[in-house]
Amino acid sequence: MSRSNKLVVPGCQAALEQMKYEAAQALGIQIPQDGYYGNMATRDAGSLGGYITKRLVEIAEQQLSGNAGRMGR
């Protein structure tokens, strides 16, 4: 299956992966080691995606307000 999502910033994949693992750790969710998310509970997957989206919005808001130095709370 091919992904239709295209990354706007080249090379950001590693940063997004790191954010995914940090979010999973913060939420107490186990990331599948084989990369297959089909056995993950829908609730966990939704929580993980929502948490990541919330953090990305917070980072963007901080950058837009000129507080880019405060990104890591």
> So which residues in the stretch 5-32 are modelled with pLDDT under 85 and over 16 Å from Gly49 (Cβ atoms)?
Replying inline: Lys6, Leu7, Val8, Val9, Pro10, Gly11
> Within the set of pairs 6+ apart or on separate chains, which have a first residue in the stretch 52-63 that is under 17 Å from Glu17 (Cα atoms), a second that is outside any helix (DSSP H, G or I) and not small (Gly, Ala, Ser), and C-beta atoms under 7 Å apart?
Replying inline: Ile59/Met71
> Pick from the stretch 33-45 the residues that are surrounded by 11 or more Cβ atoms within 10 Å (Cβ to Cβ) and over 16 Å from Leu16 (Cα atoms): which of them is modelled with the lowest pLDDT?
Replying inline: Tyr37
>> Just the residues that are farther than 21 Å from Ile59 by Cβ, of a type in the set (D, E, K, R) and under 15 Å from the mean Cα position of the chain (by Cα), please, taken from the stretch 1-48.
In response: Asp44
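The values are calculated or read from the model by the stated rules, or taken from the named source; none is laboratory data. None of the values given here were measured: they were computed from a predicted structure. So basically every Cβ, Gly included, is an ideal-geometry build from the backbone, and we count neighbours across all protein chains shown.
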